[in-house]
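Colleague: Structure in structure tokens, see below.
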Amino acid sequence: MRYETIQGLSIPKIGFGTWRIGGDSRADPTRDARSLAALCSALELGYTHFDTAEAYAAGHAEELLGQAIRLSGLKRDALLITSKVSSEHLGYAGVLQSCENSLLRLGMDYLDLYLIHWPGRGMHLAETFRALNKLVNDGKVRRLGVSNFDRKLLEEAVALSETPLLTNQVSYSLPDRTCVENGVLAYCQENDILLTAYSPIKRRFINDNKPLQELASRRGVTPQQIALAWLVQQPRVITIPMSFDLGHQAQNLVAADLVLTGAEMIPFARGKRN
Ligand SMILES: NC(=O)c1ccc[n+]([C@@H]2O[C@H](COP(=O)([O-])OP(=O)(O)OC[C@H]3O[C@@H](n4cnc5c(N)ncnc54)[C@H](OP(=O)(O)O)[C@@H]3O)[C@@H](O)[C@H]2O)c1
């Protein structure tokens, strides 16, 4: 596994997402066996960074993640757990309460990384960060970050965070270059901030993309692995694919070690949406 060394931390280039674990926006206990099996296999395979949120399955994803980690017998400090506060809880008291609830559901006494999930309409970012900074000072959260922030909001967050902001989690994939176009990636790279790429695997794009499929078959890997390798080869970029499938989970994990040559990267160069 390749790591990104940043702000004195070593973060795996590929972690595991938990959206759709335990349900969608609502908890769906009928999926528990499948969800737990997916989390347990990810832990067994060696994923150490897990990305969750209070919004995922209305908190049930966090409950299942905590359960899977306890079943694994792994030590808490071997793992990096990210969770997120939803945009409707960004007031001072709301942030503190949301974090407490996430910790309870996970069965943990601290989060490695706590993010603002989405900027809220009419949010008062200074108030939100007053609470986030308190969580760090109280030892409930190790590091802070944001998600879905544009460059202007990201700069505001950087200024308000008393500890160096660790990440902005945004959609980034071969077909979705918004963070390149709006300057967010460049800002992260210039300011020692991780860009965590979510939704890195785009099924329709991959199925329709001949150069990607040809490169994958030349390299003896899958197009999804090329898509992940393309992301994590970029400085300061990590990603968090999600899969229920044991084979896909294993393929995604080893994609972190797949190195593409300069020539192999050319068909996917900036601006080319082939
Ligand atoms: N901050 C935010 O607002 C935000 C938004 C969206 C997502 N996220 C986070 O990012 C994580 C990942 O994003 P995502 O779940 O939207 O999308 P994703 O990981 O890009 O895609 C998941 C889909 O790809 C398939 N897949 C995964 N690996 C594959 C492989 N090697 N070969 C073939 N198919 C594969 C999965 O199917 P199988 O199960 O069949 O493998 C699943 O249908 C989420 O789980 C969540 O933690 C954050």
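Colleague: Taking each pair of different alpha-carbon atoms in the chain once, compute 1/r for the pair, average those values, and report the inverse of that mean as the Kirkwood hydrodynamic radius in Å to one decimal.
Modeller: This gives a value of 18.9 Å.
Colleague: Another one. Expressed as an acute angle from 0 to 90° and rounded to the nearest 10, what is the orientation of the C-alpha long axis of helix 125-137 relative to the principal long axis of the chain?
Modeller: 80 degrees
Colleague: Separate question: Per-residue HN-Hα couplings for segment 244-261, Karplus 6.51 cos²θ - 1.76 cosθ + 1.60 at θ = phi - 60°, whole Hz, x for Gly and Pro?
Modeller: Taking θ as phi minus 60°, the curve returns 8, 9, 4, x, 5, 4, 5, 4, 5, 4, 6, 4, 5, 9, 7, 9, 8, 6 Hz for segment 244-261.
Colleague: May I ask you to give the average projected area over all directions of the convex hull of the Cα atoms of segment 177-269, in nm² rounded to one decimal?
Modeller: 6.2 nm²
Colleague: For the residues TYR198, TYR47, TYR114, what sequence is obtained by ranking on other C-beta atoms within 10 Å, fewest first? Each step should come with its number before you reach the end.
Modeller: Values: TYR198 19, TYR47 22, TYR114 26.
Sorted ascending by nearby Cβ count, the order is TYR198, TYR47, TYR114.
Colleague: Further, regarding this structure: Highest mean first, how do 173-180, 84-91 rank when packing is the count of other Cβ atoms within 10 Å averaged over residues?
Modeller: 84-91, 173-180
Colleague: Taking the simple approach of a point 7 Å from Cα along Cα-to-Cβ for both THR5 and ALA93, what is their distance in nm?
Modeller: Placing both labels 7 Å beyond Cα along the Cβ direction yields 4.6 nm.
Colleague: Same structure again: Return the percentage of antiparallel bridges among DSSP beta bridges fully within the chain, rounded to the nearest 5 %.
Modeller: Of those bridges, close to 15 percent are antiparallel.
Colleague: How do LYS152, LYS75, LYS13 line up, fewest other C-beta atoms within 10 Å first?
Modeller: LYS75, LYS152, LYS13
Colleague: So for each of 250-257, 116-123 I average, over its residues, the number of other beta carbons within 10 Å; can you give me the resulting order with the highest mean first? All intermediate terms of the calculation are to be shown ahead of the outcome.
Modeller: On the way: 250-257: 20.0, 116-123: 17.0.
The most tightly packed comes first, giving 250-257, 116-123.
Colleague: Tell me, what ³J(HN,Hα) does each residue in segment 147-158 have, in order and in whole Hz, if you take phi through Karplus 6.51 cos²θ - 1.76 cosθ + 1.60 with θ = phi - 60° and put x for Gly and Pro?
Modeller: Rounded to whole hertz, the list is 8, 6, 9, 7, 4, 5, 5, 4, 4, 5, 5, 4.
Colleague: Need the full-extension length gain, THR261 to ASP192, defined as separation in residues times 0.36 nm minus the C-alpha distance. One decimal, nm. Before the final figure, lay out each step's value.
Modeller: Numbers: separation 69, 0.36 × 69 = 24.84 nm, distance 2.46 nm.
Using 0.36 nm per residue and subtracting the Cα-Cα distance, I get 22.4 nm.
Colleague: Sticking with this structure for a sec: Quick one: what are the phi-derived ³J(HN,Hα) couplings along segment 29-44, Karplus 6.51/-1.76/1.60 with θ = phi - 60°, whole Hz, x for glycine and proline?
Modeller: Along segment 29-44, the couplings run x, 5, 9, 4, 4, 5, 5, 5, 4, 5, 5, 5, 5, 4, 5, 5 Hz.
Colleague: Further question: Once each part is reduced to its C-alpha centroid, what is the distance from segment 201-248 to segment 28-103 in angstrom?
Modeller: 25 Å
Colleague: Further question on the same structure: May I ask you to sort CYS40, CYS99 by Cβ crowding, counting other Cβ atoms within 10 Å and putting the fewest first?
Modeller: Numbers: CYS40 17, CYS99 24.
Result, fewest neighbours first: CYS40, CYS99.
Taken together, the values in this text are just the output of simple stated rules run on the coordinates, not laboratory data. Given the structure is predicted, the values throughout are model-derived calculations rather than measurements. Note that we place each Cβ from the backbone using ideal geometry, even for glycine, and neighbour counts take in every protein chain shown.
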